[in-house]
Each structure stands twice: as C-alpha cells, then as structure tokens.
Amino acid sequence: MKELSIHASNHSYKVQIGKGLRHTVGSMIAKDYSHVMIITDSQVAPLYLEDVKHSLTGTPIDTVIFPAGEQAKSMSQYEELLTACIENSLDRKSLIIALGGGVVGDLAGFVAATYMRGIDYIQMPTTVLAHDSSVGGKVAINHPLGKNLIGSFHSPVQVLYDVETLQTLPYHELRSGYAEIIKHGCLDDPDLFHDATSRSLADEAITEVLEDHLLKGIAIKASVVEQDEKETGIRKYLNLGHTLGHAIESEAGYGHVTHGEAVAIGLLFAMYVSKEKLEASMPIANLYAWLGKQGYPLNVLTHLDTSSLVDRMKKDKKSTSGKVNMVLLEELGKPVMMEVKETELTELLNRFKEE
Ligand code: NAD
Ligand code: MG
C-alpha cells in the first residue's frame with residue numbers, strides 16, 4: 001500500500017492506495033463514528049458493497065444504493081439521500097462512505113457537505129477517473145440548466161483507493177479516466193506522460209503500473225489544489241484540455257462521448273494551439289497515434305460544427321467577455337494561461353480539424 005498526505009485549508013487527509021483495501025476499511029478508519037452510511041450505485045453495489053460492509057464491525061451500518069449514471073447527480077436523488085440520512089438517524093458524529101466513481105463521490109460528498117451543515121466522509125474511488133474527483137474537495141450535483149452548478153468545497157477525511165476494484169471497470173471507462181492521468185502528466189510530470197502513452201491500455205500488464213500512475217496523478221492534482229483550493233489562480237491549470245473538451249461533450253450530446261474521451265481530444269488541441277502560438281515543441285503526433293490505438297473516438301470532431309464549438313468555448317467558465325482563456329503548454333510540465341481571440345480560435349480549430 002502507498003500513502004500520500006493532502007493538506008486542505010482546515011485539515012489534512014491521507015490518500016491510501018493499494019490492492020484489496022476494501023477488505024480492511026474497518027481497521028483503516030482513523031476515528032470512531034456513531035454510525036456509518038455507505039452510499040454507492042447499482043453497478044458497484046453487487047461487486048464490492050458486501051466486502052466493505054464485512055470489513056466494518058462494531059458500528060451500525062446503513063447502505064443506500066442509487067441507479068448508476070450521471071443522471072443521479074440530481075436534486076431529487078440528493079433529496080432522497082438526505083431523507084435516508086434522516087430516517088437512519090445519522091448525527092454529526094456519523095460517517096458517510098462514498099463507494100464508487102466520480103458520480104458517487106460528487107453526490108455522496110455533497111450530501112456529507114450539507115447534512116447537518118457538514119459531516120465526515122470517506123472517498124472510496126472505484127474508477128480511474130475518480131483519482132481526479134476524489135481529491136480536491138469539490139463536490140456537486142447538476143441542475144437541469146448545467147453540470148455541477150450546485151455544490152460545495154468539502155474535503156474527505158480519507159481516501160481509500162482499492163486498485164483491485166478497477167479490474168471490473170469497463171474498458172471505455174478505463175480509457176476515459178486515463179485522459180486525466182495524461183493531462184496530469186502534461187501539467188507537471190513529463191515522465192508520467194511518456195510512460196502512460198507508451199503502454200497499451202487494453203493490455204493486462206497495465207494493472208501493474210496503474211497504482212503508480214494513479215498515485216502520480218493524484219500527487220499532481222493534490223499539489224495544485226493545496227496551493228489554490230478555491231480556484232482563484234493555478235487550479236485553473238487543471239482545466240488543460242477541458243476548454244474544447246467540454247464544448248465537444250455538450251455539442252456531441254452527453255453520453256455520446258465520455259468526459260475523458262472529449263478531454264483527450266481537447267488535450268491534443270491545446271498542444272496544437274501551444275505549438276502555433278508559443279512555438280512550443282509538442283508530442284502531438286505521438287499522442288495522436290497513441291489515442292487512436294487505444295480507440296479514443298478521434299473522428300468525433302469532424303462531425304461537429306466549428307462555430308458552435310467556438311460559441312460553447314466562449315461560454316466556458318474561464319472565459320471573460322467573449323474572449324477564450326485557454327490553458328496552454330510552454331513545454332510539457334509548464335502550463336500557462338493565455339487569451340485566444342474568437343477569430344483566431346476559429347481559424348486554429350478549422351486547421352486542427354483538417355490536420
Ligand atoms: P461514474 O461514477 O458514473 O462511473 C462510471 C460507470 O462505471 C458507472 O456506470 C459506474 O457504476 C461504473 N463503475 C464504477 N466503478 C466500477 C467498477 N469498479 N467496476 C465496474 N463498474 C464500475 O463516472 P466517473 O467517470 O467515475 O466520474 C464522472 C463524474 O465525476 C462526473 O459527474 C464528473 O462531473 C465528476 N468529476 C468530479 C470532479 C471533482 O473534482 N469533484 C473531477 C472530475 C470529475
Ligand atoms: Mg475533467
């Protein structure tokens with residue numbers, strides 16, 4: 001097992017990552033709690049809920065299972081979970097365990113952030129993407145008018161990452177999460193970038209390096225968040241690849257491309273713009289070839305309209321008064337924020353689509 005400490009503004013917490021941790025959760029929890037509520041989704045529950053329950057002895061345990069999928073991050077599901085907390089008499093000394101991917105973490109974390117003005121919760125990530133969502137303390141649900149619009153900053157008291165659970169993760173979910181590992185590599189760890197993009201994700205052998213890749217990704221996210229918890233400065237760098245990524249996701253229609261797949265194309269574009277505007281030397285051809293081999297849907301962009309994508313990028317939360325602020329790279333490991341004018345962005349995107 002490997003460990004990492006994360007220092008949030010009002011407390012520190014540990015990320016523990018290793019094989020089989022779901023069997024030892026009980027002995028790893030640092031504090032005594034009056035009551036434990038495990039929140040998970042319908043796909044993860046039949047796989048891992050019993051193991052986690054078995055490991056917890058002596059404390060009253062309740063479980064809530066909600067239907068898997070992004071649509072669960074809704075007001076109505078949030079209310080149902082609060083009702084379950086009240087009906088099961090959770091108090092301020094109770095603990096919530098979020099067992100699952102980013103959806104479970106965001107939703108259960110927001111319940112923990114708001115129930116009785118905030119109670120403790122533990123993140124138990126079970127997807128690759130959740131290496132990103134389980135640290136940093138952002139928790140949220142969606143509003144019908146936009147994603148993650150209702151939320152809070154509430155850090156977990158612990159993150160327990162059992163990498164064995166990733167063995168059941170569907171391949172396209174593994175691929176999706178890997179885009180964020182590669183993003184973290186681009187931001188602060190060129191070796192991680194090169195190592196990850198030299199491997200085949202479909203290969204069994206990936207399980208041998210997964211723990212190392214996840215830990216490095218978490219360390220990068222953690223160090224950025226530690227310096228800027230509330231996103232007033234460098235936390236914005238974590239949006240590398242997300243300006244076009246978010247535009248692709250919403251333009252293609254949520255569910256048609258995964259978040260990570262869209263981010264992967266966004267990363268390529270950020271590299272392309274970095275090359276054109278900063279004369280940065282970027283491994284664009286390598287990344288393109290690798291993404292293609294792993295089956296990322298690189299042709300999705302050709303079906304999307306440039307001006308609609310640019311319109312969406314202008315509405316991105318980093319953009320101000322119609323100008324688009326993009327995270328670019330001076331070189332691998334050196335992000336910068338740069339304003340790109342609409343006309344320039346349109347031209348760059350058109351050329352990028354052709355190349
Ligand atoms: P997810 O939680 O929906 O998981 C993807 C799918 O895999 C689901 O169907 C789930 O049931 C299933 N699954 C999970 N673990 C499994 C396992 N071990 N074996 C088999 N199936 C498994 O999605 P995700 O990609 O993990 O997370 C996406 C969410 O994370 C989004 O809502 C996004 O907004 C959020 N997010 C939050 C932050 C943050 O900082 N809070 C950062 C990034 C993303
Ligand atoms: Mg992301």
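What follows is calculated from the coordinates using simple rules that are stated; it is not laboratory data. Because the structure is a prediction, the values reported are computed rather than measured. Note: ideal-geometry Cβ built from the backbone for every residue, glycine included; neighbour counts use all protein chains shown.
Points worth noting:
- Restricting 291, 328 to those that are in a strand (DSSP E or B) and closer than 17 Å to residue 182 by Cα reduces the list to 328.
Condition check ((1) of a type outside the set (A, V, I, L, M); (2) under 30 Å from residue 191 (Cβ atoms)) across all residues:
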{"site": "270", "(1), (2)": "no, yes"}
{"site": "283", "(1), (2)": "yes, yes"}
{"site": "288", "(1), (2)": "yes, yes"}
{"site": "295", "(1), (2)": "yes, yes"}
{"site": "308", "(1), (2)": "yes, no"}
{"site": "312", "(1), (2)": "yes, no"}
{"site": "351", "(1), (2)": "yes, no"}
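- Selection from the stretch 236-253 of residues that are part of a helix (DSSP H, G or I), among the hydrophobic types (A, V, I, L, M, F, W, C) and within 11 Å of ligand 2 (Cβ to nearest atom): 238
- Residue within the stretch 113-120 that is crowded, with 21+ Cβ neighbours inside 10 Å, more than 13 Å from the chain's Cα centre (by Cα) and under 23 Å from residue 216 (Cα atoms) present: no
- Of the residues making up the stretch 138-149, none is in contact (Cβ under 8 Å) with a residue 40 or more places away in the chain, touching an Asp or Glu at 6+ places or on another chain (Cβ under 8 Å) and closer than 20 Å to residue 52 by Cα.
- Some residue of the stretch 151-159 being more than 16 Å from ligand 2 (Cβ to nearest atom), surrounded by 20 or more Cβ atoms within 10 Å (Cβ to Cβ) and hydroxyl-bearing (Ser, Thr, Tyr): yes
- When the stretch 233-276 is filtered for residues that are of a type outside the set (A, V, I, L, M), away from ligand 1 (no atom under 13 Å from the Cβ) and over 20 Å from residue 328 (Cβ atoms), the ones remaining, listed by number, are 251, 253, 256.
- Test: residue in the stretch 159-170 that is within 14 Å of ligand 1 (Cβ to nearest atom), in contact with a helix residue (DSSP H, G or I) (Cβ under 9 Å, 6 or more places away or on another chain) and under 21 Å from residue 297 (Cα atoms): yes
- Look at the stretch 75-101: where a residue is in contact (Cβ under 8 Å) with a residue 60 or more places away in the chain and over 24 Å from residue 165 (Cβ atoms) and a partner is within 16 Å of ligand 1 (Cβ to nearest atom) and not aromatic (Phe, Trp, Tyr), sitting 6+ places away or on another chain with Cβ atoms under 6 Å, you get 78/141.
- Just one residue in the set 68, 72 is buried (at least 18 other Cβ atoms within 10 Å of the Cβ) and either hydroxyl-bearing (Ser, Thr, Tyr) or over 14 Å from residue 33 (Cβ atoms) (or both); that residue is 72.
- Matching residues in the stretch 156-170 - criterion: being touching a residue at least 40 places away in the same chain (Cβ under 8 Å) and either under 21 Å from residue 261 (Cβ atoms) or assigned to a helix (DSSP H, G or I) (or both): 163, 164, 165, 166, 167, 168, 169
- Scope the stretch 129-144; condition under 13 Å from residue 15 (Cα atoms), within 6 Å of ligand 1 (Cβ to nearest atom) and not in a loop (DSSP other than H, G, I, E, B); matching residues: 130, 132, 133
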